[in-house]
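Structure record follows, encoded as structure tokens.
The values are calculated or read from the model by the stated rules, or taken from the named source; none is laboratory data. What you see is a predicted model, and the numbers here were worked out from it, not measured in a lab. Note: ideal-geometry Cβ built from the backbone for every residue, glycine included; neighbour counts use all protein chains shown. These area figures cover heavy atoms from the full protein model, side chains too; ligands, DNA and RNA do not enter into them. Shrake-Rupley method; radii C 1.70, N 1.55, O 1.52, S 1.80 Å.
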Amino acid sequence: MTSLKTDESTAINREVIGIHNGQAAMDGDGVKLTRIIGTQTLNMLDPFLLLDAFESDQAQDYIGGFPSHPHRGFETVTYLLAGQMRHKDSAGNEGLIEPGGVQWMTAGKGIVHSEMPEQIDGLLMGFQLWVNLPAKDKFSEPAYQEFPVDKIALEKRATGTQIRVISGQTDQGTLGPVINEAVKPSYFDVSLKAGDKFEQTLAKTDNTFIYLIEGQISLGNKATRIEAGNLAILSQGEKVTINTQVDSRFLLVSGQPIGEPVARGGPFVMNTKAEVMQAFADFQANRF
Ligand code: FE
């Protein structure tokens, strides 16, 4: 990867251009979650189609899980912070996602899978992000990039700040394991120590969001305040600058917009309505 670093004096700082709080939702077999992207107020942030956060220590909020269901035309990224989820698909693949682990699944031309909690009590917490595929990749073979916590790059700074890098590269050179040539995503989980500063260079035309898991941060030259549970959308630019006075934790997610028409139908995301109808027909005829 070539360096994206630019001259400090000319770098355009990204600023907050919108803050969203998500809304309570239910999906799968009665799983309670907060939908943050994929709502009426924030339909998508190209190439990101959906972001769900789930967090509960009440079994009835998650025990139903996500029984067998199809996907076509995009990628699902599950990042688990607490608890365990078992994944099984129609091609016979099976795996257990454990705390700190990530599963980056390319549904491509189609997959039928289940995602079920592997626990009957205790805390289940994590995120699912949907990343769109460009038209040329929507019928690619299904594929997995799955990494347990010890295979995800961890950058430890002298200040105590820690960055888990799932995809992309930090300014200090830590490179995440997930590869996606279509949107070249960055997906960081940053634990920023009180009083520390986080700076990150990104491709100028990326769409980028910050989701604050805990604490409170201020972003950009305008020092816009972001609270826990806020998703902040950033303006285009080269550099993200974040300060904090309290220990804080956030996701930074960034990627190249695809810029194609998006037709959504439940678990299928295609370019046209006709392609979505075809996906339903193919699924019903067991052609996945
Ligand atoms: Fe799924």
*In nm, spacing of pseudo-spin labels at residue 82 and residue 280 (7 Å Cα→C-beta vector)*: 3.9 nm
_At R0 = 51 Å, FRET efficiency that the Cβ-Cβ distance of residue 13 and residue 151 yields, to 0.05_ = 0.95
*asked:* Give me the 1.4 Å probe accessible area per residue for the chain, excluding ligands and nucleic acids, in Å².
replied: 44 Å²
_Quick check: the angle from helix 273-284's long axis to the longest principal axis of the chain, C-alpha only, nearest 10 degrees?_
50 degrees
_Dimensions (Å) - segment 187-273, Cα atoms, principal axes, largest first_ = 49, 26, 19
*Over the chain, with every protein chain in place, what whole percent of the accessible area is carbon and sulfur at 1.4 Å, could you tell me?*
50 percent
*Where the eigenvalues come from the Cα gyration tensor of the chain, what are the semi-axes √(5λ) of the equivalent ellipsoid, largest first, in whole Å?*
30, 22, 18
*Spherically averaged projected area of segment 1-126 from its Cα convex hull (nm²)*: 10.3 nm²
*Want the number for residue 197 to residue 260: 0.36 nm per residue separation, take away the alpha-carbon distance, what's left?*
19.1 nm
_Given an 8 Å cut-off on Cα distances and at least 6 residues of separation, report the relative contact order of segment 16-284 as a percent._
18 percent
*Multiply the residue separation of residue 91 and residue 69 by 0.36 nm, subtract the distance between their alpha-carbon atoms, and state the gained length in nm to one decimal.*
6.6 nm
_Helix-only mean residue ellipticity at 222 nm for the chain, each DSSP H run of n ≥ 4 adding -39500 (n - 2.57), per residue, nearest 500_ = -1500 deg cm²/dmol
*Nitroxide proxy distance, nm - points 7 Å out along Cα→Cβ at residue 43 and residue 58*: 3.3 nm
*Principal axis lengths of segment 165-237 from Cα atoms, whole Å, largest first?*
33, 24, 21
*For residue 228, net neighbour charge (Lys/Arg +1, Asp/Glu -1) across residues whose Cβ lies under 15 Å away*: -3
*asked:* Expected output is a single nm value to one decimal: the length gained when fully extending between residue 287 and residue 214, i.e. 0.36 nm times separation in residues minus the C-alpha distance. What is it?
replied: 21.9 nm
_What do you get for GluC sites (Glu not before Pro) in segment 190-237 restricted to DSSP loop and a cutoff of at most 15 other Cβ within 10 Å of the site's Cβ?_
none
